[in-house]
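Novice: Dropping the structure in here first, questions after.
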Amino acid sequence: MAFQDVGDYIIQVENIHKTFPNGVKALVDFTTKIHRGEVVVIIGPSGSGKSTFLRCLNGLEEIDSGAIVIDGIPLDDHKKNRLEIRKEVGMVFQQFNLFPHMTVLENVNLAQRRVRKKSKEKATQMSMDLLRKVGIEEKVDNYPSHLSGGQQQRVAIARALAMMPKVMLFDEATSALDPEMIGEVLEVMKDLAREGMTMVCVTHEMGFAREVSDRVIFMEDGKIVEVGTAEHFFTAPQEERTKLFLSQIL
């Protein structure tokens with residue numbers, strides 16, 4: 001289908017629907033396109049479908065209908081396509097999901113060795129570079145239980161980046177952190193944005209959204225209510241529902 005002619009779009013989502021077994025409609029006729037290098041922030045009330053959308057983008061949730069194409073590869077029933085997309089799309093969750101019995105270095109090395117088939121030496125070199133990038137190289141031999149929440153999340157970001165993804169998804173990456181640790185994780189995310197990484201971020205951090213996003217999507221009830229630049233959203237939102245939401249959180 002012509003829809004797969006990617007051009008400048010790295011993510012194309014067309015008319016996707018997702019209903020959970022309990023009858024909750026998580027996504028309803030959801031359509032969007034995301035440019036290479038674009039930073040898109042998704043905001044909205046709890047239960048609006050934000051996290052479900054992210055999980056659909058890398059196949060963690062199955063869509064009921066519609067189409068998702070990542071860098072020209074359709075996310076369909078072909079196992080090869082799904083594996084390729086999982087390699088190209090990194091995801092950072094609310095919970096850090098580090099392996100507790102592995103050191104920081106081992107956590108970051110693991111997927112590089114198993115999926116990218118790198119030698120231990122090359123994986124370690126990449127891991128050290130990334131741990132330096134996220135400001136945590138001194139913790140390389142520590143286990144997750146000896147790290148703060150902010151440090152664990154930075155390791156999780158390094159682990160995702162080690163796969164050299166074309167897209168990074170952040171699902172409320174700071175929501176499980178103590179307030180004083182949020183800033184250190186947001187700084188890493190801001191650096192990635194400045195470097196041109198394609199990012200889709202679900203967040204409640206409006207300062208981050210205002211500073212780094214190219215576009216903001218406001219969702220409710222599985223639908224897109226309003227889309228615009230950060231300036232549009234924070235100075236002149238059009239929809240009454242958007243205005244109400246922002247008035248409650250700003």
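Novice: Would you kindly derive the ³J(HN,Hα) couplings of region 18-28 from the backbone phi angles with the Karplus curve 6.51 cos²θ - 1.76 cosθ + 1.60 (θ = phi - 60°), listing them in order in whole Hz, with x for Gly and Pro?
Specialist: 8, 10, 7, x, 7, x, 6, 8, 7, 9, 10
Novice: Within the set of other residues whose C-beta is less than 11 Å from the C-beta of Phe208, count the net charge using Lys and Arg as +1 and Asp and Glu as -1.
Specialist: The answer is -1.
Novice: Counting Lys and Arg as +1 and Asp and Glu as -1, what is the net charge of the other residues whose Cβ lies under 9 Å from the Cβ of Val28?
Specialist: Local charge sum for Val28: +1.
Novice: Mind giving me the nanometre distance, one decimal, between the label points for Asp77 and Thr31, set 7 Å out from Cα along Cα→Cβ?
Specialist: Rounded to a tenth, the inter-label distance reads 2.5 nm.
Novice: So what's the net charge close to Thr52: Lys and Arg +1, Asp and Glu -1, counting the other residues with Cβ under 9 Å from its Cβ?
Specialist: Cβ neighbours under 9 Å give a net charge of +2.
Novice: For the pair Leu250/Met102, report the inter-label distance in nm, with labels modelled 7 Å from Cα in the Cβ direction.
Specialist: 4.2 nm
Novice: To the nearest 500 deg cm²/dmol, what mean residue ellipticity at 222 nm is calculated for the chain from DSSP H runs of n ≥ 4 alone, each contributing -39,500 (n - 2.57), summed and divided by the residues?
Specialist: Value at 222 nm, helices only: -11500 deg cm²/dmol.
Novice: Sticking with this one: Quick check: the angle from helix 120-133's long axis to the longest principal axis of the chain, C-alpha only, nearest 10 degrees?
Specialist: Result, in degrees: 60.
Novice: Now a separate question. Got the relative contact order for region 19-87 handy, in percent, Cα pairs under 8 Å and 6 or more residues apart?
Specialist: Dividing the mean separation by the residue count of region 19-87 yields 21 percent.
Novice: If I ignore ligands, DNA and RNA and count only protein heavy atoms, how much of Met181 is accessible to a 1.4 Å probe, in Å² to the nearest 10?
Specialist: Number for this one is 40 Å².
Novice: Grab the Cα-Cα distance for Asp129 and Arg194, subtract it from 0.36 nm times how many residues apart they are, and report the gain in nm with one decimal.
Specialist: 21.6 nm
Novice: Here is a follow-up. So, with a 1.4 angstrom probe, what is the percent of accessible area on the chain that is carbon and sulfur?
Specialist: C and S atoms contribute 49 percent here.
Novice: Tell me the angle of helix 79-88 to the major Cα principal axis of the chain, expressed in degrees between 0 and 90 and rounded to the nearest ten.
Specialist: Approximately 80 degrees, to the nearest ten.
Novice: Quick one: angle between helix 149-161 and the longest Cα principal axis of the chain, in degrees between 0 and 90, rounded to 10, please.
Specialist: 90 degrees
Novice: Place a +1 charge on the Cβ of each Lys and Arg in region 30-172 and a -1 charge on the Cβ of each Asp and Glu, then give the dipole magnitude about the Cα centre in debye, rounded to the nearest 20.
Specialist: Around 520 debye, computed over region 30-172.
Novice: Compute the accessible area per residue over the chain, keeping the other protein chains in place, probe 1.4 Å, unit Å².
Specialist: Averaged over the residues of the chain, the accessible area is 47 Å².
Novice: I've got another one for you. Compute the label zone of Ser145 within region 178-211: residues whose backbone N is under 16 Å from the point 7 Å along Cα-to-Cβ.
Specialist: No residue passes the distance filter.
Novice: Could you compute the FRET efficiency for Asp64 and Glu138, with r as their C-beta to C-beta distance and R0 at 51 Å, rounded to 0.05?
Specialist: 0.60
Novice: Then there's this: Roughly how many Å is it from the Cα centre of region 155-175 to that of region 180-236, as a whole number?
Specialist: That distance is 15 Å.
Novice: A further question follows. With each label point set 7 Å from Cα along the Cα-Cβ vector, what nm distance links Glu180 and Asp221?
Specialist: Rounded to a tenth, the inter-label distance reads 4.4 nm.
The values are calculated or read from the model by the stated rules, or taken from the named source; none is laboratory data. Computed from a predicted model, the values in this text were never measured in an experiment. Every residue, glycine among them, receives a Cβ derived from its backbone with ideal geometry; neighbour counts consider all protein chains shown. Note: areas computed on protein heavy atoms with side chains; ligands, DNA, RNA excluded. Shrake-Rupley method; radii C 1.70, N 1.55, O 1.52, S 1.80 Å.
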